[in-house]
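One structure is given below, encoded as structure tokens.
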Amino acid sequence: MNDSNEDVLIKVYDNKLKNITKISINKLIPNIVAAQIDIDYEFEVLKVQSIIARTMIIRKAKLFGGNGCEKYKDADICLDGHCIQYLDIESLKSKWGNDFEKNWNKLLKAEEDTKELIITFNNKVIDPKFHEVCGGATENAENVENHKIIYLRKVLCENCKQSLYWNNKRELTIREIEEKLGVKIDKISPIYGPDINGIIEEIERDESGRVVKIKIGDKIFKGTEIIKQLGLDSTRFGWNPVVFRFVTRGKGHGLGLCQYGANEMAKKGKSVREIIEYYYTGVDIKKYEKKNKDKPLSNKVIVIDPGHGGEENTGNIGNNGLMEKDVVLKIALKLSKILKDIGAEVILTRKEDTYVSLNERAKISNKIRPDFFLSIHMNSFGNSSISGTEIYHFRGDKEGEGLSSLIIEKLSEKIGTINKGVKTADFYLLRTVTTTAIHLEVSYITNPEEEKKFMDNYYIDLAAQAIAEGIKEYYEYH
Ligand SMILES: [Zn+2]
Ligand SMILES: [Zn+2]
Ligand SMILES: [Zn+2]
């Protein structure tokens, strides 16, 4: 835990001054909240938004393991709208006029009342998505961003029914739709309009194309009746759609917190915690902790899974009798020690030469929900000249991919194996473990030179160190 009076300085790129300055995180928050939410919302919601703003900054700040701003190198965040919304004091004064003092004091108090609080999930800083009005239910992350985020789950929100955006509409002509989407919509012959389900159906024409009978809505008309009633010139007529009315419900992407709904909850007396826990599934609200330089992996929970084990499951065996189950257990035990030394909490699926089923291994991990699950193996092939390192992750697991590429790089460099690449696979554990998981094939035990290496503890230690380095490097920036 950091010293609570210590000011955390954030490196901020100011696009007006065109330079990077260090600004206290506390000083940044009111201006961000002012830009992110309606100032007339309930005070509790301004507090919620202050926690969200702080969470967004901490998630980016390099001091806390973030990536910083990708646009302006060396900055943690920028104020040009790329990283975060922001309004400077001058803009706020002109926006609020006589209300400036009153509004500004509310923002300062909201920041003060929530000091150091951020939203975490499983000890990791969350991506606190929010939007203006959800329109009845928030969204599952995978429907918007193509990947699953456990705390961004759909929740029902009856709270925003009073909002102006509960129902809204926008009319667009065919031409506008074509322009905006860059598509071409086939022109329908104006003389032979097609059926439009539920609106215009059962069209009967004579051989010269004149409408004899037509069903519009729930009623059938003669062609001669229709032209009279609609004021058309001829029974030889067709139609084509020109304008579409799109009816929308809600405003924004629908992920995470619904601000309008949060405001309604606050009006009903719900607390900051209740509001945050409602819209972000399974999260914690706690004070941030600065990274300890000697313990870069503190806060990380890692499950190491030495493959195989026991009498019945030796795994692959080398020509000289070296067994996969023994090599991977040795690497796992050494790796566990290194990771613990740099702050990680490590859990092994087996610590001895025992049989543990795949199902049991998945269960151990899913109960703990670690940051990272690592299964360690040695490969085999009929042709003993084949060697190299391979790593597998589940399709779409970006973290798994990131970790894999660093680990494979370090491993092939340190133990001198061929880097055979990071691949995706549908292995049982990759599929079943609910957190980021990778399957590592350190080397080929069937290759005599490789087998000889791993009979030697020197190479066992080297492999463990290389894996640890890859993990450490990954989390230094994530
Ligand atoms: Zn930026
Ligand atoms: Zn809502
Ligand atoms: Zn194996």
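Inspect all residues belonging to the stretch 299-314 and state whether any of them is assigned by TED's automatic domain parsing to the domain that holds His439, free of Cβ contacts under 8 Å to residues at least 12 places away in the same chain and outside any loop (DSSP other than H, G, I, E, B). No, because not a single residue in the stretch 299-314 is assigned by TED's automatic domain parsing to the domain that holds His439, free of Cβ contacts under 8 Å to residues at least 12 places away in the same chain and outside any loop (DSSP other than H, G, I, E, B).
Only residues that are aliphatic (A, V, I, L, M) and in a strand (DSSP E or B) were counted across the stretch 69-126, and they come to 5. The test for being in a strand (DSSP E or B), of a type outside the set (Asp, Glu) and touching an Asp or Glu at 6+ places or on another chain (Cβ under 9 Å) does not hold for Phe221.
So is Val211 touching a residue at least 12 places away in the same chain (Cβ under 8 Å), surrounded by 10 or more Cβ atoms within 10 Å (Cβ to Cβ), in contact with a Ser or Thr (Cβ under 8 Å, 6 or more places away or on another chain) and not hydroxyl-bearing (Ser, Thr, Tyr) or not?
Working: touching a residue at least 12 places away in the same chain (Cβ under 8 Å): yes; surrounded by 10 or more Cβ atoms within 10 Å (Cβ to Cβ): yes; in contact with a Ser or Thr (Cβ under 8 Å, 6 or more places away or on another chain): yes; not hydroxyl-bearing (Ser, Thr, Tyr): yes.
So Val211 fits the description; yes.
Here's a check for you: in the stretch 250-265, which residue that is open to solvent by less than 10 Å² (accessible area, probe 1.4 Å) and among the hydrophobic types (A, V, I, L, M, F, W, C) is farthest from ligand 3 (Cβ to nearest atom)? Filtering the stretch 250-265 for residues that are open to solvent by less than 10 Å² (accessible area, probe 1.4 Å) and among the hydrophobic types (A, V, I, L, M, F, W, C), the one farthest from ligand 3 (Cβ to nearest atom) comes out as Ala262.
Taking the listed residues Glu312, Glu345, Glu289, Glu264, the one that is acidic (Asp, Glu) and within 16 Å of ligand 2 (Cβ to nearest atom) is Glu264, with no other qualifying. Could you give me the residue pairs with C-beta distances under 6 Å whose first residue belongs to the stretch 376-389 and is on the phi < 0 side of the Ramachandran plot, whose second residue is within 16 Å of ligand 2 (Cβ to nearest atom) and open to solvent by 20 Å² or more (accessible area, probe 1.4 Å) wherever it lies, and which are 6+ apart or on separate chains? Pairs found: none. State whether one or more residues within the stretch 116-132 are more than 16 Å from ligand 2 (Cβ to nearest atom) and in contact with a Pro (Cβ under 6 Å, 6 or more places away or on another chain). Yes, some residue in the stretch 116-132 is more than 16 Å from ligand 2 (Cβ to nearest atom) and in contact with a Pro (Cβ under 6 Å, 6 or more places away or on another chain). Kindly evaluate Ala332 against the criterion of being outside any strand (DSSP E or B), among the aliphatic types (A, V, I, L, M) and either within 23 Å of the chain's Cα centre (by Cα) or not assigned by TED's automatic domain parsing to the domain that holds Asn457 (or both). Criteria not met by Ala332. Scanning the stretch 243-284 for residues that are in a helix (DSSP H, G or I) and touching a strand residue (DSSP E or B) at 6+ places or on another chain (Cβ under 7 Å) yields Gln259, Tyr260, Arg273, Ile276, Tyr279.
What pairs come up if the first residue lies in the stretch 132-156 and is assigned by TED's automatic domain parsing to the domain that holds Asp40, the second is open to solvent by 60 Å² or more (accessible area, probe 1.4 Å) and of a type in the set (A, V, I, L, M, F, W, C), and their beta carbons are under 7 Å apart, counting only those six or more places apart or on different chains? Once the first residue is assigned by TED's automatic domain parsing to the domain that holds Asp40 and sits in the stretch 132-156, its partners that are open to solvent by 60 Å² or more (accessible area, probe 1.4 Å) and of a type in the set (A, V, I, L, M, F, W, C) give Ala137/Leu156. Here Ile119 clears all of (1) of a type in the set (A, V, I, L, M); (2) under 30 Å from Asn299 (Cα atoms); (3) out of contact with any strand residue (DSSP E or B) (no Cβ under 7 Å at 6 or more places or on another chain); (4) modelled with pLDDT of 95 or more except the condition numbered (3).
Quick check on my filter: what residues within the stretch 310-322 are open to solvent by 60 Å² or more (accessible area, probe 1.4 Å) and either of a type outside the set (D, E, K, R) or within 14 Å of Lys452 (Cβ to Cβ) (or both)? Spell out the reasoning first.
Step one: of the stretch 310-322, the residues open to solvent by 60 Å² or more (accessible area, probe 1.4 Å) are 311-312, 317, 319-320.
Ile317, Asn319, Asn320 - these are the residues of the stretch 310-322 that are open to solvent by 60 Å² or more (accessible area, probe 1.4 Å) and either of a type outside the set (D, E, K, R) or within 14 Å of Lys452 (Cβ to Cβ) (or both).
If you filter the stretch 218-249 down to residues that are surrounded by fewer than 12 Cβ atoms within 10 Å (Cβ to Cβ) and among the acidic types (Asp, Glu), you find that the one that is nearest to the chain's Cα centre (by Cα) is Asp218. The criterion of at least 3 residues that are in contact with a Cys (Cβ under 7 Å, 6 or more places away or on another chain) and not assigned by TED's automatic domain parsing to the domain that holds Glu345 is met by none of the helices (runs of 4 or more DSSP H) falling completely within the stretch 365-478. Of all residues in the stretch 105-123, which are in contact (Cβ under 8 Å) with a residue 12 or more places away in the chain and either within 16 Å of ligand 1 (Cβ to nearest atom) or out of contact with any helix residue (DSSP H, G or I) (no Cβ under 9 Å at 6 or more places or on another chain) (or both)? Answer for the stretch 105-123, where residues must be in contact (Cβ under 8 Å) with a residue 12 or more places away in the chain and either within 16 Å of ligand 1 (Cβ to nearest atom) or out of contact with any helix residue (DSSP H, G or I) (no Cβ under 9 Å at 6 or more places or on another chain) (or both): Phe121, Asn122, Asn123.
Within the stretch 69-87, residues that are farther than 14 Å from Ala53 by Cβ and open to solvent by less than 60 Å² (accessible area, probe 1.4 Å) reach partners that are among the small types (Gly, Ala, Ser) and assigned to a loop (DSSP other than H, G, I, E, B) with beta carbons closer than 6 Å, at six or more positions or on different chains, in the pairs Cys69/Ala75. Given (1) modelled with pLDDT of 95 or more; (2) open to solvent by 10 Å² or more (accessible area, probe 1.4 Å); (3) of a type outside the set (Ser, Thr, Tyr), identify the lone condition not met by Val303. Val303 satisfies all of (1) modelled with pLDDT of 95 or more; (2) open to solvent by 10 Å² or more (accessible area, probe 1.4 Å); (3) of a type outside the set (Ser, Thr, Tyr) except (2).
Every condition in (1) of a type in the set (Val, Ile, Thr); (2) within 14 Å of ligand 3 (Cβ to nearest atom); (3) in contact with a helix residue (DSSP H, G or I) (Cβ under 9 Å, 6 or more places away or on another chain); (4) touching a residue at least 60 places away in the same chain (Cβ under 8 Å) holds for Ile338 except the one numbered (2).
The values are calculated or read from the model by the stated rules, or taken from the named source; none is laboratory data. Keep in mind it's a predicted model, so treat the numbers as computed, not measured. All Cβ positions, glycine included, derive from the backbone under ideal geometry; neighbour counts span all protein chains shown. Protein only, heavy atoms only, side chains kept; ligands, DNA and RNA dropped before computing areas. Shrake-Rupley method; radii C 1.70, N 1.55, O 1.52, S 1.80 Å.
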